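Report on the structure given below.
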Amino acid sequence: MKKSKINPIETGKQVRMLFTINNEIFEIPTNIETNGFIQMVLLEEGLAEVLRYFSYIVDFNGNLIRIFINFSRYPHSKYTVEEAKEKDVNYAASLKVKVRLYNKETGEYGQ
C-alpha cells in the first residue's frame, strides 16, 4: 500500500497542504455540457413519463377516458431572447400532445 505524502502548494498568500498519493489533477467537465445533457434527458424521457402518469383521466360520470399517445415539442420559440425582453413576453416553445378519447358507453375512440 502506498503511503500518502504531504505536498505543499502555494495559492496566493496561503500555502495548502495536500495529502495525496499522486499529484495528478483531473479535469472537471463543464457545466454547460452536463446541464445540456440533463436537460435533453428531462425533456425527452422525463416529460413523457409525466404525461404517461396523468394518462388515464376519467370524466366525472366515468364515461370518457383520456389516454396519452405521444408528444412532440418544437425547440424554437416564437421570439428570440432579445425580442422577448423587449416585448415583455415569455420565452417559451410549443408542446403538442396527442391524446385519444375513449367513450365507454359507445365503445368509440376519438382523437
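Rule-based calculations on the coordinates, nothing more; no lab input. On a predicted model such as this, the values are computed, not experimentally measured, just so you know. FYI the Cβ positions are ideal-geometry reconstructions off the backbone, even for glycines, and counts take in every protein chain you see.
For this structure, a couple of remarks:
- The Cβ shell under 9 Å around Ser94 holds other residues with a net charge of +3, Lys and Arg each +1, Asp and Glu each -1.
- For segment 55-111, fraction of C-alpha pairs farther apart than 20 Å, in %: 49 percent
- Fully extended contour minus Cα-Cα distance, from Leu47 to Met17, at 0.36 nm per residue: 6.1 nm
- Environment charge of Ala48, counting only residues whose C-beta is closer than 14 Å and scoring Lys/Arg +1, Asp/Glu -1: +1
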